[in-house]
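A short worksheet on the structure shown next.
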Amino acid sequence: LALLPAQHERASVRLAHARRDLADTHFVAPYDLRLGEVEVELHQFVSVGQRLFEADSLAAAEVEARLPFSMVRRLLGSVAPAELDPGTLDLSERIDFDSIDAELELVGTPGVGWTGRVVRVASGLDPATRAVRIVVRVEDPWRDARPPDHPPLQRDMYTRVRLLALSPEPQIVVPASALHQGELYLVDEQDHLVRRLVSVAFQQGDLAVIESGLTPGERVIVDDLQPAIKGMALAPRRDAALEARLAAQALGDVALGERP
């Protein structure tokens, strides 16, 4: 019985401390947010370090796109300055991210998309695919939300990211199907077939960028000739629709849902 007053006093002190801690405990969001999964209930005891809830900012959403290293080199190389100050390590100082257009599309739902901007390149490569991780930021993802036709960009959505940067120099582009083991079939001034070896800088989708061996204004045969005999007479016809489609693809004017 003599110990009971002391135990009561210690319990009273702990209770007073708990009430003081409870009174001092409150949550203030530094920005507008939307609550996600809540992992505690009313009057539940919460231990130190326990997760209470998840919340997403309403101001912006970020998507991490994974691209092959070769594509990232071409993309970032087109917006990087030719000369850099010695010791410049921060990519944001070396590369003009604002020169890269970014569009996002909800996979499996054509017509649902958002416009974003590249904000940074994440450190390191993806350990599984060895791809470069580029972070795209979408401002106000809830602004134009019209569920279910146009939902807001939310956590765990599977999206397709399209990045576009204009080449600093004009490029010659031909359909990739027009290449025949490194050769292009051309039409000379006398409408005869010419077979010429060309150097291809890279291929992307249905397009092939020619590095050397072709000059502007030359006529390229896009049909698969069988047989293709050098010097044979031809009756060429200009395909204006194909030219317009190639120009739109090369300039990035094709919508996400209409890409090859």
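Please treat every number below as a calculation from the coordinates, not as lab data. Note that the structure is predicted; figures quoted are calculated from it, not measured. Virtual Cβ from ideal backbone geometry, glycine too; neighbours counted across all protein chains shown.
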Within the chain, helix-based [θ] at 222 nm, where runs of 4 or more DSSP H residues each add -39,500 (n - 2.57), nearest 500: -5500 deg cm²/dmol
Label-point separation (nm) for L251 and A60, each offset 7 Å from Cα along Cα-to-Cβ? 3.0
Which of D206, D126, D156 moves the most in a Gaussian network model of the chain with Cα springs under 10 Å? D156
Count charges around I172 for me, please; just the other residues with Cβ under 12 Å from its Cβ, Lys/Arg as +1, Asp/Glu as -1. -3
Net length gained if the chain between R51 and D149 were fully extended (0.36 nm per residue, minus Cα distance): 31.9 nm
Each residue of the range 107-124 in order: what ³J(HN,Hα) in whole Hz does its phi give by Karplus 6.51 cos²θ - 1.76 cosθ + 1.60, θ = phi - 60°, with x for Gly and Pro? 4, x, 9, x, x, 9, x, 9, 9, x, 8, 6, 10, 5, 10, 5, 6, x
